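The values are calculated or read from the model by the stated rules, or taken from the named source; none is laboratory data. Since the structure is predicted, the reported quantities are computational estimates derived from the model, not experimental observations. With ideal geometry, Cβ positions are generated from the backbone for all residues, glycine too; neighbour counts draw on all protein chains shown.
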Amino acid sequence: MTAIKIDRFFGEAPRVVPHHLDPRQAQKAENCNLLHGDLRPWHGAQSVGQLPTSGIKTLYRYAGRFWWTFTNPTRIVRAPVAGDTTERTYYADGISPPQATDSAIATGPGIMPAASYNLGIPYPQLKPTLSYDKNSDASKNDTRSYVYTFVSAWGEEGPPSPPSNSVDVDVDVFGKPQWGANVAVKKGDRRRPTVANGFVYECTVAGTTGATEPTWPTISGQTIIDGNVTWKAVSQSVGITNMDISVAGAYNIVSKRIYRTNTSGGVSEFQFVAEIPLAQVSYNDSIQSQNLGEVLPSADYDPPPSNLAGLVSMPNGIIAGFSGNEICFSEPYQPHAWPVKYRQSLKLPPGGEIVGLGVYGNTLVVLTTGEPYVLTGSHPSMMSMDKLEIAQPCVSQRSIVDMGYGVAYASPDGLMVISPSGPQLFTEQLFTREDWQTFNPSSIHAYFLDGRYIAFYDTTPATWSGTLSVHMGMRVYPTVPNNLRYRALTSGLTGTVEPTWPTVAGQTVVDGEVTWIAETDVTPVKGGFILDPRNPEAGLTRINAYYDAGYVDLQSDVLYLADSTVGQAGLWIWNYASTDMTYTWRSKKFQAAKPTNFSCAQVIAETYPVTVNIYADGVLKHTQSVVSSDLFRLPGGFLATDWEIEIVGTSRVRAVYMTESVDELRAA
């Protein structure tokens, strides 16, 4: 080797020792934008404001201009409702009940969302009670039962109440003779008024009717004199009482819908009778069967579980989530309804948990503390489930990213991608498990922008807590600091009582299902990295900045980021500032066939200056501030076998050359 030529720049492959890297690959690539093949910096993050709280775990841009912030990992989805102009949106964190909000209540001063309602419509608690004046001469009976449902201000309808007891109703009201003037009637005869009012009138004193129709009473049991006949009002309506007039919990309920059974062709179904305000105590039903409305649509519309988490949108108006070890689906285009009949249980090992969900096409990817699962189908009733036989659990819910063609997530061994091609450990050629663990993968939160997986990590160990789910390699601090940290040698759940921690590095302790080994504490590191899941050859590039949360705005195609300050957080746009980040790109170790001395070098860049550091046998031998494309001399007086070139700056660099002689450089 007499010349070094670098005219294409790739990222890092930590798995490969520096001598064996490709000449284009880097030992270190920090703040490097390598999308174009040359070496460029990323633009700095542009400050665009402040957020009203710190410790943000989830950031969301609502209605294109308002910022929602959450201090717990939270999944947010828009309502799959055609024609929605209210920005109805749902969110869940698995800790509090899932929530629903819209533009009328979501925004305001301070932390947003400002207000919300519980997602779903609850079951009515009271069983309706019926009253009816049975006709002694009824010629035809209809056996009825009633239910009612709650309805939200958004028109969402919930599941029905317990059904009432049944009642036999005379439905041949119009078969009764109509009142007539100057007609003789006997006791017990019944007449209907010429204008229907829901009552018939029974003769209690026989005689002859008057010449003019009386003003009929409309209270059951009241009487009226007509000529020398006395009539008693007999209601032909069914009185419905004992219905809920309020709802426990923060639900947006405004009305009730009443349904009754109707039999046709031997099939009995509940059909719509009327809608009344929630606070209305009772209702009288005098509607004829032929005038009933739609069949009850919400018989199976169960509310979602109170610990629903992991919300994701699927095709065909479906929202999916999970509760415990169950996968839950909404009714298509009815995001308030989560029928129990659609739920599917995962057979997880003891202590196993669902971590989060992702979607590609009509496939739902279920990531757990063990093997992943996939459910595929176009309707919740048609979802088929398969377990993927690959031992790559998800160690961070916030690392899950939907990429359109697949789902990426952090596993203990590297970045996994599940796609129609199956599961793949994408970073297998880039990282060993040990390399990957330096990022503390349980801390990773990531975002997908322009085909790249942009992630941030924090190596600060978690603080020990009881029944904590731990994966092998995870580190914790004791609740009382002792200048040590503890690394998990096994996976599982911690005990309920904090162990007595060993105080000598290398000693171990058993804690529930976990064995910990004591380590000397080191200064934690926070930072970021970028990967291209479709081009692993491009390698890893690092970011020397950390942010607490982010949000990809698809409309503007930018990544918003939040970083904590005291009591609030700064809001930034990634790669958007007019100033550039300073990059550092360090080459592989070029190994000469024999000890040699490189005498000159050249940097081809768009602008200058560019700083070049030359390392020989691991020692920094020369630093040059390069101000033009002219060659520059390197110091002599020594020989070395291993040579490295490090470039630092903000200029675009197209190529770097280093040779033993000027003639070689001119020929390069």
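So here's what we get for this one:
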item: Boolean, residue 420 is within 17 Å of residue 368 (Cα to Cα), modelled with pLDDT of 95 or more and not hydroxyl-bearing (Ser, Thr, Tyr); result: no
item: Identity of the residue in region 518-539, in contact with a Ser or Thr (Cβ under 8 Å, 6 or more places away or on another chain) and crowded, with 16+ Cβ neighbours inside 10 Å, that ends up farthest from residue 443 (Cα to Cα); result: 536
item: Any strands (runs of 3 or more DSSP E) falling wholly within region 46-132 and containing at least 1 residues that are under 25 Å from residue 322 (Cβ atoms); result: 58-62, 66-70, 75-78, 89-92, 99-101
item: Considering residues of region 96-146 that are modelled with pLDDT under 95 and among the charged types (D, E, K, R) only, the residue surrounded by the most Cβ atoms within 10 Å (Cβ to Cβ); result: 144
item: Pairs with Cβ under 9 Å, 6+ apart, first in region 503-526 and in contact (Cβ under 8 Å) with a residue 60 or more places away in the chain, second part of a strand (DSSP E or B) and of a type in the set (Phe, Trp, Tyr); result: 525/457; 526/456; 526/457
item: Matching entry among 425, 468 (being among the aliphatic types (A, V, I, L, M), within 26 Å of the chain's Cα centre (by Cα), surrounded by fewer than 22 Cβ atoms within 10 Å (Cβ to Cβ) and not assigned by TED's automatic domain parsing to the domain that holds residue 492); result: 425
item: Residue match in region 393-415 (condition: buried (at least 24 other Cβ atoms within 10 Å of the Cβ), in contact with a Lys or Arg (Cβ under 9 Å, 6 or more places away or on another chain) and more than 24 Å from residue 462 (Cα to Cα)); result: no
item: Candidates 481, 499, filtered to the one that is assigned to a loop (DSSP other than H, G, I, E, B) and without any contact (Cβ under 8 Å) to a residue 12 or more places away in the chain; result: 481
item: Near pairs, Cβ below 6 angstrom, 6+ apart or cross-chain, from region 126-138 (within 12 Å of residue 202 (Cα to Cα)) to any residue that is at pLDDT below 90; result: 133/220; 133/234; 133/235; 135/170
item: Filter result for residue 8 (out of contact with any strand residue (DSSP E or B) (no Cβ under 9 Å at 6 or more places or on another chain) and at pLDDT 95 or above); result: no
item: Filter result for residue 434 (in a loop (DSSP other than H, G, I, E, B) and either acidic (Asp, Glu) or at pLDDT below 95 (or both)); result: no
item: Residue within region 88-95 that is surrounded by fewer than 19 Cβ atoms within 10 Å (Cβ to Cβ) and either free of Cβ contacts under 8 Å to residues at least 60 places away in the same chain or within 21 Å of residue 446 (Cβ to Cβ) (or both) present; result: no
item: Residue within region 571-583 that is closer than 17 Å to residue 19 by Cα, touching a residue at least 24 places away in the same chain (Cβ under 8 Å) and touching a His at 6+ places or on another chain (Cβ under 7 Å) present; result: no
item: Residue that is farthest from the chain's Cα centre (by Cα) [pool: residues in region 147-202 that are surrounded by 18 or more Cβ atoms within 10 Å (Cβ to Cβ) and hydroxyl-bearing (Ser, Thr, Tyr)]; result: 201
item: Single match in 213, 202 (criterion: at pLDDT below 95 and more than 30 Å from residue 276 (Cα to Cα)); result: 202
item: Selected residue (only one of 207, 155, 188 is touching a residue at least 40 places away in the same chain (Cβ under 8 Å) and either of a type outside the set (Lys, Arg) or in contact with a Lys or Arg (Cβ under 9 Å, 6 or more places away or on another chain) (or both)); result: 188
item: Residue under evaluation residue 611, criteria (1) assigned to a strand (DSSP E or B); (2) in contact with a Phe, Trp or Tyr (Cβ under 9 Å, 6 or more places away or on another chain), criterion not met; result: (2)
item: Single residue of 343, 398 found to be free of Cβ contacts under 8 Å to residues at least 24 places away in the same chain and under 22 Å from residue 99 (Cα atoms); result: 343
item: Filter pass, residue 24 being of a type outside the set (Gly, Ala, Ser), at pLDDT 95 or above, surrounded by fewer than 20 Cβ atoms within 10 Å (Cβ to Cβ) and not in a loop (DSSP other than H, G, I, E, B); result: no
item: Residue under evaluation residue 630, criteria (1) within 22 Å of residue 657 (Cβ to Cβ); (2) part of a strand (DSSP E or B); (3) at pLDDT 95 or above, criterion not met; result: (2)
item: Residues within region 636-668 that are free of Cβ contacts under 8 Å to residues at least 40 places away in the same chain and surrounded by 13 or more Cβ atoms within 10 Å (Cβ to Cβ), tallied; result: 0
item: Evaluation of residue 389 against (1) touching a Gly at 6+ places or on another chain (Cβ under 9 Å); (2) charged (D, E, K, R); (3) surrounded by fewer than 16 Cβ atoms within 10 Å (Cβ to Cβ) (one fails), failing number; result: (1)
item: Of all residues making up region 401-427, the number that are touching a residue at least 24 places away in the same chain (Cβ under 8 Å) and in a loop (DSSP other than H, G, I, E, B); result: 9
item: Residue check, residue 585 out of contact with any Gly (no Cβ under 8 Å at 6 or more places or on another chain), crowded, with 19+ Cβ neighbours inside 10 Å and under 30 Å from residue 350 (Cβ atoms); result: no
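Condition check ((1) of a type outside the set (D, E, K, R); (2) in the same structural domain as residue 256 (by TED's automatic domain parsing)) across all residues:
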site	(1), (2)
282	yes, yes
285	no, yes
289	yes, yes
308	yes, no
331	no, no
344	yes, no
362	yes, no
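To keep it simple, each residue is scored yes or no on (1) assigned to a strand (DSSP E or B); (2) of a type outside the set (A, V, I, L, M, F, W, C).
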position: 312; (1), (2): yes, no
position: 316; (1), (2): no, yes
position: 320; (1), (2): yes, no
position: 327; (1), (2): yes, no
position: 338; (1), (2): no, no
position: 355; (1), (2): yes, no
position: 359; (1), (2): yes, no
position: 364; (1), (2): yes, no
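Results for (1) among the β-branched types (Val, Ile, Thr); (2) in contact with a helix residue (DSSP H, G or I) (Cβ under 7 Å, 6 or more places away or on another chain); (3) at positive phi, shown as yes or no for each residue.
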site: 179; (1), (2), (3): no, no, no
site: 183; (1), (2), (3): yes, no, no
site: 196; (1), (2), (3): no, no, no
site: 204; (1), (2), (3): yes, no, no
site: 207; (1), (2), (3): no, no, yes
site: 211; (1), (2), (3): no, no, no
site: 215; (1), (2), (3): yes, no, no
site: 219; (1), (2), (3): yes, no, no
site: 222; (1), (2), (3): no, no, no
